[in-house]
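The values are calculated or read from the model by the stated rules, or taken from the named source; none is laboratory data. Just so we're clear, the structure is a prediction, and the values are computed from it rather than from any experiment. Note that we place each Cβ from the backbone using ideal geometry, even for glycine, and neighbour counts take in every protein chain shown.
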Amino acid sequence: MAEAKLPEVRLADETFLTDDFLRQLINVGEVDILVGVPTHNNAKTIGAIVEAIQAGILSFFPRQRAAIINADGGSRDGTPELIVKAAIDDARGRDSKPYTLRTLHSISTQYSSSPARGTALRTILSAAELLRAKACAVISPESTQITTDWLTTLLQPIYSEEFDLVLPTYCRHRSDGILLTNLLYPMTRALYGLTIREPYALDFAFSGRLGSQFLAQNTWQDETARAGSETQFTLAAIAGGYRIRQSFLGTKEHVERASADLVPAMRQTVGALFSSMEPSFSLWSTKTGSQPIPTTGAERECILGPLRVNRKRLREMFSTGIAELESVFQSILSPSTLAELQQIACPEEVRFRYSNELWVKTVYEFAAAFHKSVISRDHIIQALAPLFRGRAFTFLGENSNDSADDVEHNVEALCLEFERMKPYLLEIWSGGE
């Protein structure tokens, strides 16, 4: 039998992959379906997730060549071994259906001794290009709510309908994803004119052509690009005019995060969004309003059950930030915006409210300051964190007793405010206040 060959690849892509991983890819050959799973110490959850991935491939892509690629960031709990040892025969045994799957490979590589989502995504993209995969999905090891239907929901539009990017929508708790609903979604929508609910997605699917373009064009040595690779991936698809759709994946389980995780999350999302605005200025500066994109299933749903949030702590951190970072805010914000923020931060201000208009004005002034690099760009992102906490305080308070429709109405009102005030962003982008 002739030895399998991989297509020629760019030197930059090939050399960062280990020799052992390249040998494993050579043994795989070419595939139709690829599922990438980035991991770091996920032994408690990865078994069930791999089982669901295998079952999904068996059920919906039984005649396609498939591979599961694990990009691991230095796990010490045996996560990679669990993925590689998960036998496809076990998945067959759990269902009585007859299967005709051609091949299903499961391989793993450790790209570093510490986790880095950008490097994990780069590893998966490189494997997809080397294997000439037609349709690819990335599944988060935290997605314990995964079902076998996810595989067809994410991959079928890529494989059969020639879409290039499939992003998820979820049923979320109203107190979950506030950074998404109050900043990332409405600002992305206002900039690029598309109602993409999850611009920062950890579960998504993409075409081989989109993956190859992003792999070639992304500056992988850049800190911001590595930190916000998933957001950058979505924005690259928008800027490149690729076909995008959304698919409903069901309930998004709340993952408890430490307060200290906010700044890293903002680097991955807001930092990436702000960074994209310079190279794509000619695109977003001409957009007005917004339009929906093709969506399968529920475009948005809200869970109203209880979720404990320390609102008092949010307000305290906002007020402390206003006081301690005054000199920083003087470099970023207009005098009128800073004065309004200082007013609502006063301890005597019983009826605290960070209004939609003031919040949008704040975010747009931060974006312009980031563009002009008035101080370190990373310091700009860090300085936005306490202000976001103030906005979160208001959002939680205003929606504490509202129905699901009311919550969605309030999110929509904020989106429209971002769209209405876009001329202000254009005014201050190069000049203005």
Of all the residues that make up the range 110-126, how many are farther than 22 Å from residue 200 by Cβ and modelled with pLDDT of 95 or more? 0
Is the range 357-370 home to any residue that is more than 20 Å from residue 316 (Cβ to Cβ), in contact (Cβ under 8 Å) with a residue 12 or more places away in the chain, among the hydroxyl-bearing types (Ser, Thr, Tyr) and crowded, with 22+ Cβ neighbours inside 10 Å? yes
Name the residue that is surrounded by the most Cβ atoms within 10 Å (Cβ to Cβ), counting only residues in the range 403-428 that are modelled with pLDDT under 95 and out of contact with any helix residue (DSSP H, G or I) (no Cβ under 7 Å at 6 or more places or on another chain). 407
From the option list 181, 195, single residue qualifying as touching a Pro at 6+ places or on another chain (Cβ under 7 Å) and over 20 Å from residue 45 (Cβ atoms) is 195
Among all residue pairs at least 6 apart or on different chains, which show Cβ distances below 7 Å where the first residue, located in the range 209-235, is more than 18 Å from residue 264 (Cα to Cα) and part of a helix (DSSP H, G or I) and the second is modelled with pLDDT of 90 or more and among the acidic types (Asp, Glu)? 209/164; 210/164; 211/129; 212/129; 215/129
Quick check on residue 127: is it in contact (Cβ under 8 Å) with a residue 12 or more places away in the chain and part of a helix (DSSP H, G or I)? yes
Checking residue 242 against (1) closer than 23 Å to residue 265 by Cα; (2) among the aromatic types (Phe, Trp, Tyr); (3) modelled with pLDDT of 90 or more, which single condition isn't satisfied? (1)
When you check residue 276 against the structure, is it modelled with pLDDT of 95 or more and small (Gly, Ala, Ser), yes or no? no
Out of the residues in the range 317-352 that are at pLDDT 95 or above and of a type in the set (Asp, Glu), state the one that is surrounded by the fewest Cβ atoms within 10 Å (Cβ to Cβ). 324
Which of (1) at pLDDT 95 or above; (2) closer than 21 Å to residue 366 by Cβ is the odd one out, the single condition residue 264 does not satisfy? (1)
Looking across the range 139-182 at residues that are among the hydrophobic types (A, V, I, L, M, F, W, C) and in a loop (DSSP other than H, G, I, E, B), the single one that is nearest to residue 416 (Cα to Cα) is 163
